[in-house]
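Have a look at the structure below, then the notes.
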Amino acid sequence: MTRIDAKIQQAEKVAAQPPEPRTELAWRLQHVPNPDGDTGHGVVHRDSCRVKGGGQLDRKALDLALTMPDVTTCSICQPERGLDP
């Protein structure tokens, strides 16, 4: 019985700890179609951006996407801010 009590106390202790702050680890690349039927362009967002849509990118894919001529960054979440060069 004391082993069970100890396990319960341990679980309660872990649950009572505040969560670690979330760091920005992901971004999204949204495809925006061109109304004229052309291929359109891409917009990079922070994963937490209020604009929905797009596939998730890691940092390596983000760096590649930002070098593409038809890819811009979101003016709302500004994913390029705070990135190390």
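So for the pair ASN34, ASP47, with labels modelled 7 Å out along Cα→Cβ, what separation do we get in nm?
Modelled inter-label distance: 3.2 nm.
Ranking SER48, SER75 by Cβ neighbours within 10 Å, fewest first, what do you get? Walk me through the numbers on the way to the answer.
On the way: SER48 12, SER75 8.
Least to most surrounded, the residues fall as SER75, SER48.
Can you give the translational diffusion coefficient of the stretch 25-80 in µm²/s, computed by Stokes-Einstein from the Kirkwood radius over Cα pairs at 20 °C and 1.002 mPa s? All intermediate terms of the calculation are to be shown ahead of the outcome.
Working: Rh = 11.3 Å.
Reported coefficient: 190 µm²/s.
With r as the distance between the Cβ atoms of ALA26 and SER75 and R0 = 22 Å, compute the FRET efficiency 1/(1 + (r/R0)^6) and round to 0.05. Could the numbers behind the result be given before it?
Details: r = 19 Å, r/R0 = 0.88.
Result of the calculation: an efficiency of 0.70.
No value in this document is a laboratory result; all are computed from the given coordinates. Because the structure is a prediction, the values reported are computed rather than measured. We place every Cβ from the backbone using ideal geometry, glycine too, and count neighbours over all the protein chains shown.
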